[in-house]
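Presented below is the structure to which this report refers.
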Amino acid sequence: MASACGQLCMRCSLSSKTAIWQCYSHVRSFIPRTRQMSKRFDGLFIPKGLVSAQMRLSWKLQMRYYSDLAEKHLSADAKDNEHTKELTKTDIAAITNTLMPSTGVQSMTEHPMFLDLDDAGESSALEEICDEEAINISVPTSLPPISTSLRYYVEKSETLTKLVELGVNLWKLEQRPNVGSMLLRLDFKTDVAPLLMFLKEIGVEESRFGYIISHNPFILCESIENLQDRVSYLKSRKFSSETVASMVSRAPYLLNFNVKRIDNRLGFYQQQLQLSASNTRNIVARLPRLLCVSLEPVKENLKVCEMELGFKKNEIQHIVVAVPKVLTANKRKLTQIFDFIHNTMKVPHYLIAKFPQVLNTKYLRVRERHLFLEYLKKAQYDPTLPNYISLDRLVSLPDEAFCTELALATVEDFYLFQKTL
């Protein structure tokens, strides 16, 4: 094999830089083939681990011989062609410096490219290692460092897994700033489980746990002592245990407010509406979010009812006690439905105050039914006249009962009439 490489190099007597590199390329092409031949015996492939040290040494000697031969050829060729312009002294120096060994520079045989692959081979996956090496192995974390969704963490986080089992809507929480990272930092046993036990102790049903946390994840950061103080205050104001549990279930943010704020809200509704303590507890128990919402929309709706709609204070008081949602209703919808009932249907204020549920009804429902009765000549809302139709029944009955009891028509006729509107 060495003689074959020598003959190849002797035939490469070229004068240009391109020819020199071609010769060196031919020499290097024999290196892998020599290694392959060293691993074959009588046409059989010998495994890498069984190649003898003598064969590897022979391969190294052959590789060094090819390298020295190439260096000599390049040096002789550079001296013979100094007068030519095709290969300058600078090019020769660059090529020889790259190939020839010099002081402080590794020889070609010592370069990592030419190291014996058997000596520097990687460890097998089946190879046994000692305990110290096993300890030093770094295992990357299974949690992604950055993500835009919590679903990538559910299988790796016990807290998120348990929250999903409780019915928490993680897709809603991840849309809120900093909530996702807050949930990942929580420990289920120390942060979440005590809260769930507390909610169960005060009477909240387990089926409501998911709803509460989905709407108010920050309750997980509240201390049990603070939550207990707020529940104790509500009970001291003569709210029953069942009422407190119901209020917490329907107003998830209720227990996030301190005792002073809750007390101020109760005092506001009692003084502003001139209600008794019993009526104040009644409207708050039926609509507990009155203790959580801002007071500005409530004050505005009270002014609208008095100044724009023209109700008296005692009428407003009666309306609020019967339908507390009027305090938090949308101002535009409230004025729209009142305008239709009072100005189109000609219903006076006292009748609206007597049946305030009509203010909490969909505008389209009232309009369609009134126009259908008007078409049938049965739109009579004055209790002093015959064929009187109560506003309460007008808006509360289902379509079948409305048609058969009030309109004295078929449901099909009512649906056909709706298509004409």
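The values are calculated or read from the model by the stated rules, or taken from the named source; none is laboratory data. These numbers were taken from a predicted model, which means no experiment stands behind them. In this analysis, Cβ positions are derived from the backbone assuming ideal geometry, glycine residues included, and neighbour counts consider all displayed protein chains. Side chains included, ligands, DNA and RNA excluded: accessible areas come from the protein's heavy atoms. Shrake-Rupley method; radii C 1.70, N 1.55, O 1.52, S 1.80 Å.
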Any residue in the stretch 192-213 that is of a type in the set (S, T, N, Q) and open to solvent by less than 60 Å² (accessible area, probe 1.4 Å)? no
Gln271 passes all but one of (1) without any contact (Cβ under 8 Å) to a residue 24 or more places away in the chain; (2) under 34 Å from the mean Cα position of the chain (by Cα); which number fails? (2)
Tally up the residues in the stretch 278-324 that are more than 19 Å from Ile262 (Cα to Cα) and of a type outside the set (A, V, I, L, M, F, W, C), please. 12
Starting from the stretch 226-238, take each residue that is outside the structural domain of Gly203 (by the TED database) and list its partners that are open to solvent by less than 60 Å² (accessible area, probe 1.4 Å) and part of a loop (DSSP other than H, G, I, E, B), counting only C-beta distances under 8 angstrom and pairs at least six apart or across chains. Arg230/Phe257; Val231/Ile202
Hits in the stretch 285-316 - residues which are touching a residue at least 40 places away in the same chain (Cβ under 8 Å) and under 44 Å from the mean Cα position of the chain (by Cα): Ala285, Leu287, Pro288, Leu291, Cys292
What pairs come out if I take residues in the stretch 239-261 that are under 16 Å from Gly210 (Cα atoms) and pair them with residues that are in a loop (DSSP other than H, G, I, E, B) and open to solvent by 60 Å² or more (accessible area, probe 1.4 Å) whose C-beta lies under 9 Å away, six or more apart or interchain? Ala245/Glu205; Ser249/Glu205
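Hey, which of the helices (runs of 4 or more DSSP H) in the stretch 316-421, taking only ones fully inside, have at least 3 residues that are closer than 25 Å to Gln272 by Cα, open to solvent by less than 70 Å² (accessible area, probe 1.4 Å) and out of contact with any strand residue (DSSP E or B) (no Cβ under 7 Å at 6 or more places or on another chain)? If you could, list the steps in order and put the result at the bottom.
On the way: elements: 331-339, 349-354, 363-375, 391-396, 411-420.
Correct list: 331-339, 349-354.
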Identify all residues within the stretch 154-175 that are hydrophobic (A, V, I, L, M, F, W, C) and either open to solvent by 80 Å² or more (accessible area, probe 1.4 Å) or assigned to a loop (DSSP other than H, G, I, E, B) (or both); write none if there are none. Val154, Val168, Trp171
